[in-house]
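Beneath this line is the structure, given in structure tokens, with notes to follow.
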Amino acid sequence: MQPLTIFDILEIWEHGTGCSPVKQALVILSHAFPQRPAAEMVRLTIGQRDACLLQLRAMTFGPLLSGLVTCPACGERLEMAFDTSDLQATGAPFSESEISEAENIEMAFAYAPYEVTYHLPTSIDLSAIADPASACQRLLEACVRDVHRDGVAIPVSELPADALEALAEHISQSDPLVDVTLDVTCPVCQHAWQVIFDIVTFFWAEIDAWAARLMHEVHVLASAYGWREADILHMSVWRRQRYLELIGV
């Protein structure tokens with residue numbers, strides 16, 4: 001894995017803007033592993049993918065993550081700050097060998113009187129879901145290979161809601177980073193709740209902001225000095241900032 005350069009950030013932004021989060025994640029990974037074919041990346045489980053993105057984010061922008069949340073009880077805006085290592089501790093560290101070895105490993109789940117075999121969700125499974133309203137159930141159904149009730153094979157659609165809920169919990173335990181929640185307590189009203197953290201959405205928002213800023217800097221410096229985009233981007237951040245200050249930006 002290699003950290004993203006400013007050239008990577010602009011290319012990722014160009015090719016991923018307007019795409020689904022699943023596609024955006026794969027675009028990011030294609031630049032982190034330029035020698036790896038896309039067919040390998042899509043076979044990673046969502047937990048493996050997100051562990052990789054957490055490491056890449058730490059290598060590119062640093063390990064500190066921060067953001068704002070709103071207390072659902074009193075409306076107070078709160079700043080959250082945590083480290084990528086805090087999240088990585090919930091799952092196994094990502095190893096590049098997992099890319100080559102990634103495959104639909106069969107998992108077993110029992111919820112009397114049901115016995116289920118399934119594979120952990122991958123980007124392929126997420127990409128096949130078109131309706132967000134039924135995304136969770138559709139994802140579970142896509143991952144299930146077969147279901148038996150009292151030893152008799154039945155369709156996945158016959159799994160009751162409580163069995164599907166238990167299956168979702170089993171998947172979360174088997175691939176921890178597939179579902180990351182953060183505990184938050186409001187210092188104003190003491191209300192406690194959980195916030196879902198999605199590294200793809202978070203990382204993409206940062207890439208989007210960086211790319212927009214880089215485009216603005218290129219535009220201003222090219223307009224002022226007539227320099228080419230590549231020449232401007234090859235400058236250090238310090239040099240670009242000094243030139244921007246000289247023209248009053």
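The values are calculated or read from the model by the stated rules, or taken from the named source; none is laboratory data. Note that this is a predicted model, so its numbers are computed, not measured. Heads up, the Cβs are rebuilt from the backbone with ideal geometry, glycines too, and the neighbour counts pull from every protein chain shown.
Structure notes:
- So residue 160, is it in contact (Cβ under 8 Å) with a residue 40 or more places away in the chain and farther than 12 Å from residue 109 by Cβ: no
- For residue 183, the conditions (1) closer than 22 Å to residue 42 by Cα; (2) part of a strand (DSSP E or B) are fulfilled apart from (1).
- Residue check: residue 146 meets all listed conditions (1) in contact (Cβ under 8 Å) with a residue 12 or more places away in the chain; (2) exposed (fewer than 14 other Cβ atoms within 10 Å of the Cβ); (3) in the same structural domain as residue 77 (by TED's automatic domain parsing) but one, namely (3).
- Selection of region 14-47 for residues being under 13 Å from residue 124 (Cβ atoms), surrounded by 15 or more Cβ atoms within 10 Å (Cβ to Cβ), of a type outside the set (D, E, K, R) and over 10 Å from the mean Cα position of the chain (by Cα) yields 41, 42, 44, 45.
- Checklist (1) part of a loop (DSSP other than H, G, I, E, B); (2) surrounded by 14 or more Cβ atoms within 10 Å (Cβ to Cβ); (3) touching an Asp or Glu at 6+ places or on another chain (Cβ under 8 Å); (4) not β-branched (Val, Ile, Thr) applied to residue 244, failing item: (1)
- Single unsatisfied condition, residue 169 versus (1) surrounded by 15 or more Cβ atoms within 10 Å (Cβ to Cβ); (2) free of Cβ contacts under 8 Å to residues at least 40 places away in the same chain; (3) assigned to a helix (DSSP H, G or I): (1)
- Here is the figure for region 185-213: residues that are among the hydrophobic types (A, V, I, L, M, F, W, C) and either in contact with a Pro (Cβ under 8 Å, 6 or more places away or on another chain) or outside the structural domain of residue 46 (by TED's automatic domain parsing) (or both) total 3.
- Within region 15-58, the set of residues being in contact (Cβ under 8 Å) with a residue 40 or more places away in the chain and over 24 Å from residue 87 (Cβ atoms) comprises just one member, 17.
- Residues satisfying the stated conditions in region 176-200, i.e. touching a residue at least 60 places away in the same chain (Cβ under 8 Å), aliphatic (A, V, I, L, M) and within 19 Å of residue 50 (Cα to Cα): 177, 178, 180, 182, 195, 199, 200
- Residues of region 201-211 that turn out to be more than 15 Å from residue 21 (Cα to Cα) and either in contact (Cβ under 8 Å) with a residue 24 or more places away in the chain or surrounded by 14 or more Cβ atoms within 10 Å (Cβ to Cβ) (or both), as a count: 2
- A count restricted to region 113-130 and to residues that are of a type in the set (A, V, I, L, M, F, W, C), over 16 Å from residue 29 (Cβ atoms) and in contact (Cβ under 8 Å) with a residue 12 or more places away in the chain stands at 4.
- Conditions (1) at pLDDT below 65; (2) part of a helix (DSSP H, G or I); (3) exposed (fewer than 15 other Cβ atoms within 10 Å of the Cβ); number of the one not met by residue 135: (1)
- Verdict on residue 225 being loosely packed, with under 15 Cβ neighbours inside 10 Å and not assigned by TED's automatic domain parsing to the domain that holds residue 50: yes
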